[in-house]
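Where a number appears in this text, it was derived from the coordinates with a stated rule and is not lab data. Keep in mind that what you see is a predicted model, and the values were worked out from it rather than measured. Glycine gets a Cβ as well: all are built from the backbone with ideal geometry, and neighbour counts include every protein chain shown.
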Amino acid sequence: MKAFCFTLTILCAVQSILAYPRPDFAINGVVSGTAQVKTAAGELNTAIGKTGEGSVTPTSGYILLTTISNNLQAIGDAIVGSGTELGNALNNLAADSTGPVATVFDGVIAKLDAFDGVLKGTFSGKLSAIGTDTGVYIPKQFADAFKTTGITLAALKSALSTLKADVQSAKTASGSSTSVSSAIIRAKIPAKSVNNVLTQIRQLKANMPLIQFVIDSSLDNLNMVDTFIIEMKKEVDRGTGLYTTSIQAFQANLGVEALNVGNKVSIGIGSSITSLISTIKAELDTVTKYTEDLAPKISALDTAFTTTLATKVGAASSAYNTYSTNVPTLITDLVASLGQALCSPIKAVSLVQIANGGFSDFCFSKYSPRVFAQVSLTIDAFDVCFEKELSRLITLEGVVLSIAEQIAFNTADLFDNLSVCLDLPTANQGACFTTLTPYYTKLAEKSEAHLTTIANLVTAETKASFNRLGACLFVSLSSTTLSATDIASTATSCLTAGPQP
């Protein structure tokens, strides 16, 4: 008996709850489908909220990315702000019990019109600014998404107006009653009226992912370009480091060449005069005419082979040192030079991706690596310049050796000639040495001149090499600029032409 009474009590309580009129659509009565409308309104708000969740904070320093990002996020925020007001109004409409019917429905329609106005507006000029900065594709995508959403909003407005009329009819039919009976609701508010509203809310929700896609995909592209620019900066820095290493290696090679040239001169000229005549020097000094006439000239020749030789080799070494010191001045700021050469294609491929067109991903993937590769290609070309000049300087060693050997010819017969004079009778020795004097006077002068030639040749050739190197480096940069210009042009045309099989 107790169990029966308990069950009866629960049953009565449930019946009491079900019988109590639930507030729906600005009347105190149960309207079928209200719960679904409230649920759909909540889901709509969630979908609308996602359109404003995307964000990008560029760090590459490319101000355009920040500007576009801010404008896209501002559009998303405006859609979220107005759209969620509509979603909240729809939710409140389904739960309203106080009315008046016209006031409540008109409030929702006002929010709908406001949202429609936002989508049809300029977003405070930000939409046109995006078009100016990115081209036609993003504005077209927005226009498509907003047009579809606008059609749905118009259908929702019509459905709300119909439901408003039906609810008002039910309210009127209930007279002075504080609630509207189920019979009146069934008679005056067709299920189709509620379902039409529900359908359009769901359709409106279905429109939101497209708007979200336009915003988020555009932001993703900005992030991709930002990353590309950052990586380009790193690659330029890496290339600059390699160029510095190449310069240092070339400078080291110039130092080696300076030593090699000095060695070649010494090897080519051979032994000093003192060394050549050391075995007969004592005997020569016993001949007065030798010491008075020829010895000073032999001494001058010896000076050429020692003091002058050291001076001219030092001058040649100094020429190499000057060359080495001046090499870094050819390109004082490679980062700026590469930046100037690659600015156009970097901007072009960036704008291709930012545009968010149908071929943006393809074209960016095709051409951005080519821009990236220009840094390494330029450094490789620079290395060829260094190698070419080093090879030429090595060839110069042979020329210097030949001149030095030519100088050595001036003393090749000295020992023999002096020995012949010494072998003559004592009375004839003096005349022999006197006869040789003018010849060795000239040979001393020619030896000095040839050593000067070596120094002047090395100085001239190092200057010429410096100028050739500079020309080669700048031509390499110019080639990079030409390639970059071509990449910029083809990347831009790719956006409209697409793949070219």
Q) Any idea what angle helix 2-19 forms with the longest principal axis of the chain, computed on alpha-carbon atoms, 0 to 90 degrees, nearest 10? A) 80 degrees
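If you take every residue apart from ALA110 with its C-beta less than 11 Å away from the C-beta of ALA110, what net charge results, scoring Lys and Arg +1 and Asp and Glu -1? Present the calculation step by step, with values, prior to reporting the outcome.
Values: positive: LYS111, LYS157; negative: GLU85, ASP106, ASP113, ASP116.
The answer is -2.
Using the Cα centre as the reference, give the magnitude of the dipole from point charges on the C-beta atoms of the chain (Lys, Arg: +1; Asp, Glu: -1; all else neutral), rounded to the nearest 20 debye. Write out the running numbers ahead of the final one.
Details: 34 positive and 39 negative charges, 700 e Å.
Here the chain has a charge dipole of around 3360 debye.
Over the chain, what is the relative contact order in percent, taking alpha-carbon pairs closer than 8 angstrom and at least six residues apart? Write out the running numbers ahead of the final one.
Details: 580 pairs, mean separation 93.3, N = 501.
Answer for the chain is 19 percent.
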Q. Sorted by packing (mean other beta-carbon atoms within 10 Å per residue), highest first, where do 279-286, 403-410 land?
A. 403-410, 279-286
(Q) Between 0 and 90 degrees, rounded to the nearest ten: what's the tilt of helix 137-173 against the longest Cα principal axis of the chain? (A) 10 degrees
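Taking the Cβ-Cβ separation of THR291 and ALA449 as r and a Förster radius of 35 Å, what is the calculated FRET efficiency to the nearest 0.05?
Working: r = 26 Å, r/R0 = 0.75.
Efficiency at R0 = 35 Å is approximately 0.85.
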**Q.** Helix-only mean residue ellipticity at 222 nm for the chain, each DSSP H run of n ≥ 4 adding -39500 (n - 2.57), per residue, nearest 500
**A.** -29000 deg cm²/dmol
Q: Would you work out which of LEU210, ALA464, SER479 lies farthest towards the positive end of the dipole of the chain, given +1 charges on the beta-carbon of Lys and Arg and -1 on that of Asp and Glu, about the Cα centre?
A: LEU210
Q: First select every other residue whose beta carbon is under 12 angstrom from the beta carbon of SER447; then total the charges, Lys and Arg +1, Asp and Glu -1.
A: +1
**Q.** Cα-based helix-to-principal-axis angle, 101-120 vs the chain, degrees rounded to 10
**A.** 20 degrees
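Can you pull the Rg over Rh of the stretch 81-162, Cα-only, Kirkwood? It would help to have the intermediate numbers written out before the result.
Values: Rg = 15.5 Å, Rh = 14.1 Å.
Radius of gyration over Kirkwood radius for the stretch 81-162 works out to 1.10.
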(Q) Need the C-alpha centroid separation for the stretch 427-468 versus the stretch 355-371, integer Å. (A) 68 Å
Q: Highest first, please rank the peptides 38-45, 343-350 by the mean number of other Cβ atoms sitting within 10 Å of their residues.
A: 343-350, 38-45
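Fewest Cβ neighbours within 10 Å first, please rank TYR290, TYR137 accordingly.
Numbers: TYR290 23, TYR137 19.
Fewest to most other Cβ atoms nearby, the residues stand as TYR137, TYR290.
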(Q) Taking 8 Å as the Cα distance limit and 6 or more residues as the minimum spacing, I'd like the relative contact order of the stretch 21-223 as a percentage. (A) 35 percent
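Highest first, please rank the peptides 84-92, 308-316 by the mean number of other Cβ atoms sitting within 10 Å of their residues.
84-92, 308-316
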